[in-house]
Amino acid sequence: PHACSAATLAGYGSGYTEKVAILWAGTNPISAGSQTGAQFFTDYDAYRATLQASGWLVVGCLLQDMPTNDTEAQAFNTLLSGSTDFDAVADLRTPLPDCTDTTKYYSDQIHLLDVGYALVATAIQTAMATL
C-alpha cells in the first residue's frame, strides 16, 4: 500500500468501468519488524476502503512464509482471511509455505524465483476468477 497512495491509485481509474487492484504488500515491513501484522493490516484495510469507495474491486493477498517475524505474517493473514470487506483473497501461503525452498525462493528467503512468481500469478488468477 505504500508504493503509491490509495487516493492516487483511485484517481487512475477514472473513466474505466472495470477496475481491479491486487494488494500484495507487507512482506518488507513485517519481516523487518517495523510493523506488526495487526498494524500493517490497519493500513492495508484503509487502502482497500479508499479504493473500493472509488469503484475498485480489491483482491487482498495472504503473505507467503517469511524467515523472520513469520508469526506476525500469520497474524496479518488471519485478519485478512477473516475480513469480509475484500472482494477476493489470493492465498500465497499455500503455494509458498517454506521460505527455505530454494526452488521457489532466492537464498535471502524473501525474494522469489520465477517459479515462485508463477505460483503467485496462479493464486491471484484463481482469486480473480471469483470476482
What residue among 69, 77, 28 has the largest mean-square fluctuation in a Gaussian network model of the chain, using Cα springs under 10 Å? 28
With Cβ to Cβ distances under 12 Å as the rule, what net charge do the other residues near residue 130 carry (K, R +1; D, E -1)? -2
From phi via Karplus (6.51, -1.76, 1.60), per-residue ³J(HN,Hα) for region 79-92 in Hz, x at Gly/Pro: 5, 5, 4, x, 7, 9, 8, 7, 6, 6, 10, 9, 8, 8
Accessible area of the chain belonging to carbon and sulfur atoms, whole % at 1.4 Å probe: 55 percent
Residues whose modelled amide H sits under 5 Å from the amide H of residue 57, counting only those 5 or more places away in sequence or on another chain, are 19, 20, 21
If you add up the charges near residue 42, with Lys and Arg at +1 and Asp and Glu at -1, over every other residue whose beta carbon is less than 14 angstrom from its beta carbon, what do you get? -3
Charges on Cβ only, +1 for Lys and Arg, -1 for Asp and Glu, centred on the Cα centroid of the chain; of 84, 37, 13, which one is farthest towards the dipole's positive end? 13
Choose one answer from 15, 116, 55: the residue with the largest mean-square fluctuation in a GNM of the chain with alpha-carbon springs under 10 Å. 15
Can you tell me the FRET efficiency between residue 22 and residue 43 if r is taken as the Cβ-Cβ distance and R0 is 22 Å, rounded to the nearest 0.05? 0.85
Just subtract the alpha-carbon distance of residue 57 and residue 7 from 0.36 nm times their residue separation and send over the number in nm, one decimal. 16.6 nm
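Skip the ligands, DNA and RNA, and give the accessible area per residue of region 1-126 with a 1.4 Å probe, whole Å².
Spelled out: the 1.4 Å probe surface of region 1-126, per residue, equals 51 Å².
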Honestly region 63-131 on the Cα gyration tensor test (a ≥ b ≥ c root eigenvalues; a/c under 1.5 rounded, otherwise a/b vs b/c for prolate or oblate) is just oblate
For n ≥ 4 DSSP H runs only, could you compute -39500 (n - 2.57) per run for the chain, divide by its residues and tell me the 222 nm figure to the nearest 500? -13500 deg cm²/dmol
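Enumerate by residue number the chymotrypsin sites (Phe, Trp or Tyr not before Pro) in region 27-131 meeting two conditions: DSSP loop (anything except H, G, I, E, B), and at most 15 other Cβ atoms within 10 Å of the site's Cβ. Display every interim value, and only then the final one.
Values: sites: 40, 41, 44, 47, 56, 76, 86, 105, 106, 117; in loops: 56, 86, 106.
Passing both the DSSP loop test and the Cβ count: 106.
Restricting to the chain, compute how many DSSP beta bridges are antiparallel as a %, nearest 5.
10 percent
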In whole Hz, with x marking every Gly and Pro, tabulate ³J(HN,Hα) for region 37-50 from phi via Karplus 6.51 cos²θ - 1.76 cosθ + 1.60, θ = phi - 60°. x, 5, 4, 5, 4, 4, 5, 4, 5, 5, 4, 4, 4, 5
Taking volume of the Cα convex hull per residue in Å³ straight from the coordinates, which label in (i) 123; (ii) 101; (iii) 145 is the correct one? (ii)
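The values are calculated or read from the model by the stated rules, or taken from the named source; none is laboratory data. All values reported here derive from a predicted model rather than from experimental measurement. So basically every Cβ, Gly included, is an ideal-geometry build from the backbone, and we count neighbours across all protein chains shown. Heavy atoms of the whole protein, side chains included, go into the accessibility calculation; ligands, DNA and RNA do not. Shrake-Rupley method; radii C 1.70, N 1.55, O 1.52, S 1.80 Å.
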